[in-house]
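See structure below.
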Amino acid sequence: MTLQNITDIVSSQIQMVLDGQESEYPKLDFKRQWYNLFDELSINEFLKDSSAMANSPGLDGFIVIGFDQKQKDFQKANFTDCGLRDENELTGLINRRVDRVFHISHYPIQFKGTTLSVLHIPPSFDKPHVIRNYKTKKGEEQQHRVFTKSGSNTKLATKYDFDFIAFDRANHIPEYDLQLSFSPVSYGASFIQHDNTAVIQLTMSIENTGRRAVSIHEIILTFENKPSKPFEFVSTSSADNKYNSLIKVSNIIIPPGHIQLITDLTFKSIDRYAPTVITFLSQLSLFPEITAIIKLTSGSEIKTRVNVIS
């Protein structure tokens, strides 16, 4: 779905509310302001709302931030209002709290001169997405909670919902979906003195579980390092073993239903570091989550968790 598609859908639904009508889009929520993603209760509300969108069969889901549906007024909403730096940290938060990561993207849009934030949650084919430890507004801790949408409400999933989720999952295959994994045996980290960047090399298994062939242009790996800034690495062509600005993956084309083993895949750090970072990067056990953004030559992006096979 393009930014223009998203803008058109969101704008039309806001206009309906302003005209005194109910929004007719079944998977769209309005929020006056951003969730505070450093506050425990607010984090739980975000996970509840977003996972409910992903768990519910049907259309793409949207959380529109910056519009008060009851008061019919607007408030400027920028992504940084949530306290996180970017989408990678948002995906990392979901990875830490939810069993089976789901795709989520942020888009800033303009409506009558006001900047709004839109969280786009496409249909998930890996549901149910279970919040491992959910805390209610009253502070009660609940284990393994699954939420779904019911009209404009968000509720705990019932047996009927689980049956519907299972049917939807069994009868639909996503257009694009990749599973990435590698073994610590194939993993190595090194340092380039002349430009203070770190390099990792590994052999990666990439499985295409979608229904279309993929041609991979670039892979960005994020090693979560809370509370510090995460380490981000971008793939560089390993064909000539030269580290330069041409950071691309070459000739990785995977048909649907196939697994491809990519040997000596090289990633270069996006930021500059001191040489001591290598000691840290060499210990994979220090990183509870590793995520990937796979950019396809078609322009699409796939976000997924990377499995480290011990």
Open item on the list: Looking at Ser215 and the list (1) surrounded by 14 or more Cβ atoms within 10 Å (Cβ to Cβ); (2) of a type outside the set (A, V, I, L, M); (3) part of a strand (DSSP E or B), which single condition is not satisfied?
Closed with: (1)
Task: Residue among Val118, Val64, Val130 that is under 24 Å from Ala170 (Cα atoms) and not charged (D, E, K, R) - done: Val130
Task: Number of the condition not met by Ala170 [criteria: (1) surrounded by 16 or more Cβ atoms within 10 Å (Cβ to Cβ); (2) among the hydrophobic types (A, V, I, L, M, F, W, C); (3) modelled with pLDDT under 85] - done: (1)
Task: Residue that is farthest from the chain's Cα centre (by Cα) [pool: residues in region 98-115 that are in contact (Cβ under 8 Å) with a residue 24 or more places away in the chain and either part of a loop (DSSP other than H, G, I, E, B) or not assigned by TED's automatic domain parsing to the domain that holds Ile9 (or both)] - done: Lys112
Task: Condition check for Glu24: loosely packed, with under 14 Cβ neighbours inside 10 Å, modelled with pLDDT under 90 and either within 14 Å of the chain's Cα centre (by Cα) or among the charged types (D, E, K, R) (or both) - done: yes
Task: Selected residue (criterion: nearest to Thr91 (Cα to Cα)) from residues of region 275-292 that are touching a Gly at 6+ places or on another chain (Cβ under 9 Å) and outside any strand (DSSP E or B) - done: Glu289
- [ ] Please work out which one of (1) out of contact with any strand residue (DSSP E or B) (no Cβ under 6 Å at 6 or more places or on another chain); (2) among the small types (Gly, Ala, Ser); (3) modelled with pLDDT of 90 or more is the condition Ala77 fails and give its number.
- [x] (1)
- [ ] Report, by residue number, each residue of region 179-212 that is in contact with a strand residue (DSSP E or B) (Cβ under 9 Å, 6 or more places away or on another chain), modelled with pLDDT under 90, more than 19 Å from Thr266 (Cβ to Cβ) and not polar (S, T, N, Q).
- [x] Gly210
Open item on the list: So the check is Cβ under 9 Å with 6+ separation or different chains; which pairs have a first residue in region 262-279 that's within 14 Å of Val234 (Cβ to Cβ) and a second one that's part of a helix (DSSP H, G or I) and of a type in the set (A, V, I, L, M)?
Closed with: Ser269/Val277; Ser269/Leu281
Open item on the list: Quick test of your reading of the structure: Gly113 fulfils all but one of (1) small (Gly, Ala, Ser); (2) surrounded by fewer than 15 Cβ atoms within 10 Å (Cβ to Cβ); (3) in contact with a Leu (Cβ under 8 Å, 6 or more places away or on another chain). Name the failing condition by number.
Closed with: (3)
Open item on the list: I'd like the full set of residues that are among the polar types (S, T, N, Q) and not in a loop (DSSP other than H, G, I, E, B), limited to region 127-164.
Closed with: Asn133, Gln142, Gln143, Thr148, Ser150, Asn153, Thr154
- [ ] Output the number of residues of region 36-92 satisfying the condition of being without any contact (Cβ under 8 Å) to a residue 60 or more places away in the chain, more than 17 Å from Lys226 (Cβ to Cβ) and in a loop (DSSP other than H, G, I, E, B).
- [x] 9
Task: Residue count, region 271-288 (criterion: of a type in the set (Ser, Thr, Tyr) and surrounded by 11 or more Cβ atoms within 10 Å (Cβ to Cβ)) - done: 2
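The values are calculated or read from the model by the stated rules, or taken from the named source; none is laboratory data. Quantities reported herein were computed from a predicted structural model and do not represent experimental measurements. No Cβ is skipped: glycine too gets one built from the backbone with ideal geometry, and neighbour counts run over all protein chains shown.
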